[in-house]
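The values are calculated or read from the model by the stated rules, or taken from the named source; none is laboratory data. Computed from a predicted structure; not experimentally measured. When we count neighbours, we look across all protein chains shown, and the Cβ atoms used for this are built from the backbone with ideal geometry, even at glycine. Please note that ligands, DNA and RNA were not included when accessible areas were found on the heavy atoms of the full protein model with its side chains. Shrake-Rupley method; radii C 1.70, N 1.55, O 1.52, S 1.80 Å.
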Amino acid sequence: MNGPVFILKGNIVYSKDQNELSICEHGYLVCRDGQVDGVYQTLPFRLGGNPIHDFGDCLIIPGLVDLHIHAPQYSFRGLGMDMELLEWLETNTFPEEAKYESLEYARKAYQIFADNMRRSATTRACIFGTVHRSATLLLMDMMEKTGLDTMIGKVNMDRNCPDYIIEETEESAGETLEWIRDVLHRKYKNTRPILTPRFTPSCTDELMEELKKLQMRYGLPLQSHLSENQGEIAWVKELCPWAGFYGDAYDRFGLFGADCPTVMAHCVYSGEQEIERMKENGVFIAHCPESNMNVSSGIAPVRTFLERGLRVGIGSDVAGGSTENLFRAMAHAVQSSKLRWRLTDDSLEALTAEEVFYMATKGGGAFFGKVGSFEKGYEFDAVVLDDSRLKHPQPLDVRNRLERMIYLADEREIRAKYVKGKEIDLT
């Protein structure tokens, strides 16, 4: 029973599983030494005397987890949404990411990103940088100062991208090694490296072999893209004829779950073999519904993933997605699943508010460990939501207030935010 204790009071809402919310109205959420000590309707006598932060009628939820976001793309969010993925990369993404060779530009752009992430409801995130080692370190420095817990990657690309941003294979592997060493030397408390081959079309077999060596040497996780777009999938078949399916092109190098913790974004067109391999290997799926709509990729069969027991979280995928606001991502997940059910596959029922809330908290949080719930022993990530701005004439229970927040909330509703038991400065 050692360690500092503080207590939040309010309407506490969290997920134990994907189908049901746990709600404790006007209850007490206890933090001890950065972890959840318990949720109580009546505060036990033994906890008397500890500081209580009374948030009245506010909702208290676990911090939201963004499993897939591109920091350098934040600068052009909401632009160029009339193209499909591969054209969008060539026209928007690569020219913008090339600018991060300049640390002056990177500092200006990443400060905007870091400030907005700090003020959002997100407490954990998997973040793509660019191919530039120095700019990626700068991003990590800035995110460390926010207090958020993040995994950030230096991107690797040694083929099929413009000359102004491509790396030689040895250069890409060598710069990644030096980046890892730099990160370890800086001894961040909240910021960790994650290997980041952009996707199979941009990485040669030789580079993937080198990344596996680094993964084994340093025990790193990995993030990338998978089965997002039909043209991309056809391209992978041409580049990797030896692969049984897209995910197999990662798995052949030992970079697809199992002993390499992996999060793959999208999985819109994952077939039976790919789904089964992801389940076997424990690969996490980052569902990015707005991005899949904006760049005309499609609608992922998330109901299938959940029913099959795969690990599924939510990603904003800025700038394919237009906002870092994960409440909007949850709403888009429900809305897109309804379109899939109505228009293409009525065997897959639409997602519920309970399910997408689980995905945005405990589902994605599992990639970071015991994260995303208020069950005892989980890391204490919490967001306090004040929905008084959202006026309504009728009485609403806590569950309905949370559902409204999924569709209507943004940073204006955030009253307080905690990561691993430490309060984040929202000013």
Under the 7 Å Cα-to-Cβ spin-label approximation, residue 17 and residue 234 lie apart by a distance in nanometres of 4.3 nm
Taking a probe of 1.4 Å and leaving out DNA, RNA and ligands, the chain shows per residue an accessible area in Å² of 39 Å²
Karplus ³J(HN,Hα) for segment 53-66 (6.51 cos²θ - 1.76 cosθ + 1.60, θ = phi - 60°; Hz, whole; x = Gly/Pro) runs 9, 8, 9, x, 8, 5, 8, 10, 10, x, x, 7, 10, 9
Tilt, helix 326-343 to longest principal axis of the chain (alpha-carbon atoms), in degrees rounded to tens, equals 70 degrees
Rh_Kirkwood(the chain) over Cα pairs, Å, one decimal, evaluates to 21.8 Å
Descending packing, highest mean Cβ count within 10 Å first, for 80-88, 112-120 is 112-120, 80-88
Relative contact order of the chain (C-alpha contacts under 8 Å, at least 6 apart) in percent is 21 percent
If one compares the long axis through the Cα atoms of helix 230-239 with the longest principal axis of the Cα atoms of the chain, the angle in degrees, nearest 10, works out at 50 degrees
The long-range amide H neighbours of residue 318, using H built 1.01 Å from N in the peptide plane and a cut-off of under 5 Å, are 70
Computed from the beta carbon distance with a Förster radius of 35 Å, FRET efficiency for residue 206 and residue 186 to the nearest 0.05 stands at 0.75
Any lysines whose Cα falls less than 17 Å from that of residue 9, other than same-chain ones fewer than 8 residues away, would be 376, 417, 422
A chain fully extended from residue 425 to residue 5 at 0.36 nm per residue, minus the present Cα-Cα distance, gains in nm 149.2 nm
In nm, the gap between the two label points placed 7 Å beyond Cα toward Cβ at residue 104 and residue 216 is 4.5 nm
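Helix-derived [θ] at 222 nm for the chain: sum -39500 (n - 2.57) over DSSP H runs of at least 4, divide by residue count, nearest 500?
Counting only the DSSP helices, I get -10000 deg cm²/dmol.
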Filtered hits (aspartates and glutamates, Cα-Cα < 12 Å from residue 145, offset >= 8 within chain) -> 115, 425
Net charge (Lys, Arg +1; Asp, Glu -1) of residues whose beta-carbon lies under 12 Å from that of residue 166, residue 166 excluded, is -4
Extension length gain for residue 400 and residue 43 (0.36 nm per residue less Cα distance), in nm, is 126.0 nm
Relative to the chain, whose Cα atoms define the longest principal axis, helix 205-218 and its Cα axis are tilted in degrees, nearest 10, by 40 degrees
The alpha-carbon center of segment 357-419 and that of segment 132-156 are separated, in whole Å, by 25 Å
Once both label points are put 7 Å beyond Cα along the C-beta direction, the residue 390-residue 168 separation in nm becomes 5.5 nm
Once 340, 186, 252 are ranked on solvent-accessible area with the largest value leading and a 1.4 Å probe, the list reads 252, 186, 340
Cα pairs beyond 18 Å in segment 1-151, in percent, come to 67 percent
A 1.4 Å probe over the protein heavy atoms gives the chain a carbon and sulfur accessible-area percentage of 48 percent
The extension gain from residue 25 to residue 338, computed as 0.36 nm times the residue separation minus the Cα-Cα distance, is 109.6 nm
quick note, the chain, DSSP beta bridge pairs, % antiparallel (nearest 5) is 45 percent
For residue 135, the net charge from surrounding residues (Cβ-Cβ under 10 Å; K, R +1; D, E -1) works out to +2
Expressed to two decimals, segment 220-281 has a Cα Rg over Rh, using the Kirkwood radius, of 0.93
Note to self: C-alpha centroids of segment 211-259 and segment 17-62 sit apart, in Å, by 42 Å
